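S.K.: Right, I'll just put the structure down here and ask away after.
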């Protein structure tokens, strides 16, 4: 029989136990899995995750919830895993992309992308295109860049985030031709495409334009890919045109630092299986994206390698830490 003093001691220890410790004792998952989307709803990441939802829920026995937290160049939403004390119990994840990996090289932050996240799975790689409205005066990428040289800073070039790879690629294209664009950041691809189609933006250079590219509403001048996109076989790559510019935009899922390996493995399995669902494969095809499946170790390795590449590249392009 416990003495009164021992009972008080046990109750005191229980009261002092952290929420993380109590959560660790619960079976996983014990509630819905929330994925933070750092961009507005409607873009590729949102559509992809929603297409995966039914499969993930069936595997985990809990629904998948998408929580949109746009703004800040699509950085703060993902970074909140490291800045808001979110428990590493696997119930809250976030969409990871290269701008998050790159951000500490451009601005002082309190988190480290290689330390403060648990990498769960690489999902897909997006294809970037340089597009203008169907009635725009530029018929080719060469014509657009020649105009950017003749009228530096006049032609508006939209992208998602001031530190996005696609903004950097636009800068590279313009500099290669001796010109300059007026770079305009947007919160997400849907907002940028709306601006382009509405005549408020001249050029858009970002992924997730595949469905619109086939609608006849825009003209694709070039792709920033290693090879031509099958559905747009007549559209050349920038490299074919003599500009050594390509963009690699893999996205995946991360959790807070310190997740249990068993939890990571369970999540990885569920999302990996969902990537083979017919609905998901259709989303990839519609958006000219490719599977980019990486296990936790492989995804972390990619992040380390990408961070090193960016650290060497950004100073050469004139991007400095603020």
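The values are calculated or read from the model by the stated rules, or taken from the named source; none is laboratory data. As the structure is a computational prediction, the values presented were derived from the model and not from experiment. Cβ coordinates were reconstructed from backbone atoms using ideal geometry, including for glycine residues, and neighbour counts include every protein chain displayed.
S.K.: Mind listing whichever residues of the range 232-256 are within 16 Å of residue 98 (Cα to Cα) and at pLDDT 95 or above?
M.R.: Step one: of the range 232-256, the residues within 16 Å of residue 98 (Cα to Cα) are 246-255.
Hits for the range 232-256 are 251, 252, 253, 254, 255.
S.K.: Mind checking which helices (runs of 4 or more DSSP H) fall wholly inside the range 32-128 and carry at least 3 residues that are surrounded by fewer than 23 Cβ atoms within 10 Å (Cβ to Cβ) and in contact with a strand residue (DSSP E or B) (Cβ under 6 Å, 6 or more places away or on another chain)?
M.R.: Working: elements: 44-60, 76-83, 98-102.
Result: 44-60.
S.K.: So, one more: Tell me, please, whether a residue that is buried (at least 24 other Cβ atoms within 10 Å of the Cβ) and without any contact (Cβ under 8 Å) to a residue 60 or more places away in the chain can be found in the range 134-142.
M.R.: Scanning the range 134-142, I find no residue that is buried (at least 24 other Cβ atoms within 10 Å of the Cβ) and without any contact (Cβ under 8 Å) to a residue 60 or more places away in the chain, so the answer is no.
S.K.: Could you list, in sequence order, all residues of the range 248-263 that are surrounded by fewer than 20 Cβ atoms within 10 Å (Cβ to Cβ) and under 20 Å from residue 37 (Cα atoms)?
M.R.: 248, 257
S.K.: Among the residues of the range 261-278, are any touching a helix residue (DSSP H, G or I) at 6+ places or on another chain (Cβ under 6 Å), in the same structural domain as residue 90 (by TED's automatic domain parsing) and in a strand (DSSP E or B)?
M.R.: no
S.K.: While we're on this one: Return the residues of the range 275-291 that are more than 24 Å from residue 189 (Cα to Cα) and touching a strand residue (DSSP E or B) at 6+ places or on another chain (Cβ under 9 Å); say none if nothing qualifies.
M.R.: 276
S.K.: Given (1) under 22 Å from residue 311 (Cβ atoms); (2) in contact with a strand residue (DSSP E or B) (Cβ under 8 Å, 6 or more places away or on another chain), identify the lone condition not met by residue 154.
M.R.: (1)
S.K.: In the range 143-164, what residues are surrounded by 15 or more Cβ atoms within 10 Å (Cβ to Cβ), in a loop (DSSP other than H, G, I, E, B) and over 23 Å from the mean Cα position of the chain (by Cα)?
M.R.: Narrowing the range 143-164 to residues surrounded by 15 or more Cβ atoms within 10 Å (Cβ to Cβ): 144-148, 155-164.
Okay, now just the ones that are also in a loop (DSSP other than H, G, I, E, B), so 155, 161-164.
Of everything in the range 143-164, just one residue is surrounded by 15 or more Cβ atoms within 10 Å (Cβ to Cβ), in a loop (DSSP other than H, G, I, E, B) and over 23 Å from the mean Cα position of the chain (by Cα), namely 155.
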